[in-house]
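The values are calculated or read from the model by the stated rules, or taken from the named source; none is laboratory data. The model shown is predicted, which means the values in this text are computed figures rather than measured ones. Virtual Cβ from ideal backbone geometry, glycine too; neighbours counted across all protein chains shown. Keep in mind that these areas ignore ligands, DNA and RNA; they rest on the heavy atoms of the full protein, side chains included. Shrake-Rupley method; radii C 1.70, N 1.55, O 1.52, S 1.80 Å.
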Amino acid sequence: MTIAVSVLPGQQLAALKAAYRKAVARKRLRFALGAVLFVVALLVAAIGAEVNLRTLFTYFGNFISYFDRILKLDDGTRVWSNVGEWFWGWRKWLRFLGETLLISYVGTLIGTVFAFVLNFFAAENTAPWSWLRFTIRRLLEFARTVPGIVFALIFVIAFGLGPMAGVLAIAIHSTGALGKQFAEIVENADMKPVEGVRATGASWLSCMRFAVLPQVVAGYASYALLRFEINVREASVMGFVGAGGIGQELVVAIRKFYYSDVSAILLMIVVTVFCIDIGTGLLRGRLFGREART
Amino acid sequence: MRQMPAANRDELRARYPDIFNRPASARLATPAMLLIALGIFAFGLFDLNFSPTRLFAGLHQLGWITLMMLPPDPGSSLPLYLKALGETLSIALLGTTLAAVMALPVSLFAARNIVRSNFLRFPVRRFLDSIRGIDTLIWALVWINVVGLGPFAGVLAIAVSDFGAFGKLFSEAIEAADQKEVEGIRASGGSSLHEIRFGLMPQVLPVIAGQVLYYIESNTRSATIIGIVGAGGIGLQLAEQIRVLEWQKVSFLILMILVAVAAIDWISGKLRFAIIGRRAVV
C-alpha cells in the first residue's frame with residue numbers, strides 16, 4: 001500500500017513549526033508555574049501540619065502492624081481461629097448497632113420532614129416572598145456547613161448525654177443538606193401544571209400539593225434514602241462525643257487498646273454499612289423503576 | 001366534579017378501568033409504607049429515651065447557650081485560632097494530595113478497561129469499599145494510636161479515608177474514558193504502558209484534577225472535626241472551648257470555620273473552571 005504524504009515547502013513548514021513550538025511552550029510554562037505553586041503550597045502545609053517524611057515511613061510500618069495486632073486475640077492466635085472469643089460481646093454490640101441505625105433513621109426522618117416543609121419556601125420558582133426565601137436559604141446553609149458532630153457536642157451539653165443529642169444533631173444537618181437538594185428538584189420541576197392549577201383559582205398550598213408535589217416526590221424519596229445511608233456512617237461516630245450509638249464502644253476499645261474488640265466492632269460497622277448501601281440501592285432502584293413505568 | 005352526570009362517569013369508568021378499579025394492594029401500598037415508617041419512628045423515639053420534658057428543658061438550655069454566644073468574641077486567643085485554622089487547611093491539602101497520589105495506581109487495578117479479569121478486580125474494589133465504610137473520625141483515632149496526638153495523625157486519617165473514595169472515583173473516570181484513543185496508540189505500536197500514559201491519562205487527568213479539588217474543599221470540613229478526637233487543627237480548639245463552656249469563643253470559632261469553608265469553596269470553584277473549562281464537574 002502506498003500512501004502519499006504531502007510535505008509542505010520548508011519555509012512554510014518552519015513558520016508552522018515555530019508557532020506550534022510557541023503554543024506548546026506557553027502551555028508547558030503555565031503547567032510548570034501551576035506545579036511550582038502547588039509544591040510550594042504543599043511545603044508550607046507540611047510545615048504547618050508538622051509532617052516529616054522520614055517519620056511517615058517509619059510510622060507506616062506501625063500502621064500495618066497495628067492491623068496485625070487488632071487481628072490477634074489476647075493469647076496471640078489469629079482472631080478467626082476462635083470466632084466466639086473474638087465476638088465475645090456481640091449481644092451488646094448488636095444492641096448498640098441497632099441504636100445507631102435507629103439514631104440515623106429517626107434523625108433522617110425528622111430532617112426530611114423539616115426539609116420538606118422548608119424547601120418550597122427556599123426554591124426560586126415557588127417561594128411566595130423573596131425575603132423569606134433569603135432567610136431560609138441562609139438558615140439551611142448554616143445547618144449543613146456546621147459539621148454534625150459540632151452540633152452533637154453542643155447538644156450533649158444542652159440535652160444531656162445520650163442518643164437524643166445525636167438524633168437532633170443528625171436531624172439538623174440533614175435538614176440543611178436535604179433542604180438544598182429538595183429545593184433544587186423543585187426548581188427543575190415543570191411549572192406548567194402550577195399555572196394550570198392556579199388558573200382554577202387554587203391557593204398557593206393547593207398549587208404545591210397538586211402541581212409540584214407529584215413531580216418531585218420520587219426525587220425526594222431517593223435523596224432521603226441516600227441521606228439515610230450517609231447518616232448511618234455519621235451516627236457510628238456520634239458516640240465519640242457521648243451522643244449514643246456504637247461509637248461509644250469503639251472509642252473505648254481503641255483508647256484502651258482492646259485490640260481484638262476494635263477489629264470486631266469495625267467489621268460489624270463495615271458489614272452494616274454495606275448492607276444499608278445495598279438495601280437503599282435496591283429500594284431506590286425500585287422507586288425510580290416505578291417512576292419510569294407510569 | 002360532583003355535578004358530573006352519571007352517564008359520563010360510567011363512560012370514564014369503562015374507558016379507564018385501571019384508574020377507577022385499582023386493586024386493593026396497590027391502594028394500600030402507600031399508606032402501609034407510611035404506617036410502617038411511622039411505627040419505626042415511634043419505636044425509635046421510645047427506645048432512644050425521647051421525652052417532651054427533656055426536649056423542652058434542652059431547648060430552654062439551648063436558648064440560653066445561644067444568648068451567651070452573642071456577640072462572638074475570640075478574647076485574647078485570636079493568633080492561636082488563626083494558627084489552628086492554618087493547620088486545618090494544611091491537613092486538608094496534604095491529606096487529599098497524599099490520598100490522590102496513593103489512589104492513582106490502585107484505581108488502575110479497579111478499572112474494567114485496564115484489568116479485564118473480574119477475579120483480580122473484585123478484591124481491589126471490596127478493599128476500597130471497606131475503607132470507605134469507615135468514617136474519617138475512626139481513622140483519626142486509629143492513627144492517633146499509631147503516631148500520637150497532633151495534626152500528622154489528621155493528615156494520615158484524611159489520606160486513608162479519601163484513598164478509598166478516590167480509588168472508586170478515579171476508576172470510574174478511567175472506565176468512562178474513550179477507548180478509541182487507546183486503540184490508536186496500540187495500532188501505532190505502543191506498549192500497554194504507553195496506552196495508559198498517552199491514551200488514557202490525557203483524558204482522565206482533568207477529571208481527576210476536578211475531583212481532587214472538590215475533595216480538598218470537602219476535606220476542609222472534615223479536617224475541622226477530626227480535631228475533636230485530638231488530631232490537630234481548629235476542631236481541637238472548638239471542642240476544648242465547648243467543654244469549658246466559653247460560648248463566645250465557640251461562636252467565634254464556628255464563624256471562622258464557616259468563613260474558611262466559603263473561601264475555599266470560592267477558590268476551588270475558580271480553579272476547577274480554569275482546569276477543565278466550563279464543563280460540568282461530576
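As an exercise, identify the chymotrypsin sites (Phe, Trp or Tyr not before Pro) in the range A:86-162 lying in DSSP coil whose Cβ has no more than 15 other Cβ atoms within 10 Å. The partial results should precede the final answer.
Numbers: sites: A:TRP86, A:PHE87, A:TRP88, A:TRP90, A:TRP93, A:PHE96, A:TYR105, A:PHE114, A:PHE116, A:PHE120, A:PHE121, A:TRP129, A:TRP131, A:PHE134, A:PHE142, A:PHE151, A:PHE155, A:PHE159; in loops: A:PHE87, A:TRP88, A:TRP129.
Those satisfying the criteria are A:TRP88, A:TRP129.
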One quarter of the C-alpha convex hull surface, i.e. the mean projected area of the range B:2-65 in nm², amounts to 8.8
Prolate/oblate/rounded call for the range A:45-101, Cα gyration tensor, a/c under 1.5 rounded: oblate
Apply the Debye scattering formula to the range A:1-150, with a single equal point scatterer on each alpha-carbon and no solvent, then give log10 I(q)/I(0) at q = 0.13, 0.14, 0.15, 0.18 Å⁻¹. -0.99, -1.01, -1.04, -1.11
With each pseudo-label sitting 7 Å past Cα toward Cβ, what's the B:LEU258-B:LYS270 distance in nm, one decimal? 2.3
Largest-first principal axis extents of the Cα set of the range A:113-220 (Å): 53, 26, 21
Please state the shape class of the range A:155-294: rounded when a/c is under 1.5, otherwise prolate if a/b exceeds b/c and oblate if not, all from the C-alpha gyration tensor. oblate
Remind me, relative contact order of chain B in percent, using alpha carbon pairs under 8 angstrom and six or more residues apart? 23
All-pairs alpha carbon distance profile, chain B, 5 Å steps from 0, percent: 1, 5, 8, 10, 10, 10, 10, 9, 9, 7, 6, 5, 5, 3, 2, 1, 0
Taking Cα pairs under 8 Å and at least six residues apart, what relative contact order does the range B:177-282 come out at, in percent? 25
A:LEU37 - accessible surface, heavy atoms, 1.4 Å probe, Å² rounded to 10: 120
Between A:SER130 and A:ALA199, what FRET efficiency follows from the Cβ-Cβ distance if R0 is 22 Å, with the result rounded to 0.05? 0.40
What FRET efficiency would be calculated for the residue pair A:SER65, A:PHE142, taking the C-beta separation as r and a Förster radius of 56 Å, to the nearest 0.05? 0.80
Within chain A, what's the longest run with no GluC sites (Glu not before Pro) in a DSSP loop and at most 16 other beta-carbon atoms within 10 Å? Give the range, please. A:125-294
Here the net charge surrounding A:ILE278, from other residues whose Cβ is less than 15 Å away from its Cβ (Lys, Arg +1; Asp, Glu -1), is +3
Can you spot the lysines whose alpha carbon is less than 17 Å from B:LYS249's alpha carbon? Ignore those fewer than 8 places along the same chain. B:LYS83
Looking at the P(r) of the range B:135-282, how many percent of alpha-carbon pairs lie beyond 27 Å? 41
Chain A, helix-only ellipticity at 222 nm - DSSP H runs n ≥ 4, -39,500 (n - 2.57), divided by all residues, nearest 500: -27000 deg cm²/dmol
Any idea of the accessible area per residue across the range B:84-166, 1.4 Å probe, to the nearest Å²? 34
Using a 1.4 Å probe on the protein heavy atoms, what percent of the accessible area of the protein assembly as shown belongs to carbon and sulfur? 67
Could you order B:HIS194, A:HIS173 by accessible surface area, starting with the largest, using a probe radius of 1.4 Å? B:HIS194, A:HIS173
Could you identify which residue out of B:MET33, B:MET69, B:MET256 has the top mean-square fluctuation in a GNM of chain B using Cα springs shorter than 10 Å? B:MET33
FRET efficiency estimate (nearest 0.05) - Cβ-Cβ, B:HIS60 to A:ARG21, R0 60 angstrom: 0.25
Students often forget the sequence filter, so: which lysines lie under 17 Å Cα-Cα from A:LYS72 once same-chain residues fewer than 8 apart are removed? A:LYS256
Using Cα pairs under 8 angstrom and six or more residues apart, how large is the relative contact order of the range A:69-187, in percent? 33
Quick shape check on chain A: root eigenvalues a ≥ b ≥ c of the Cα gyration tensor, a/c under 1.5 is rounded, otherwise prolate if a/b tops b/c, else oblate, and it reads oblate
Give me the orientation-averaged projected area of the Cα convex hull of the range B:56-185, in nm², one decimal. 13.5
log10 of Debye I(q)/I(0), alpha-carbon scatterers only, for the protein assembly as shown at 0.05, 0.06, 0.12 Å⁻¹: -0.28, -0.39, -1.35
Kyte-Doolittle cut-off -1.0, length cut-off 20 Å along the helix's own axis using Cα: show which whole DSSP H helices in chain A pass. A:10-48, A:53-70, A:90-122, A:130-145, A:163-188, A:213-238, A:259-293
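Going through the DSSP H helices of chain B, which span 27 Å or more along their own axis at the Cα atoms while scoring at least 0.5 as a mean Kyte-Doolittle hydropathy?
Those that pass (Cα extent of 27 Å or more, hydropathy at least 0.5) are B:24-47, B:78-110, B:151-175, B:201-226, B:247-276.
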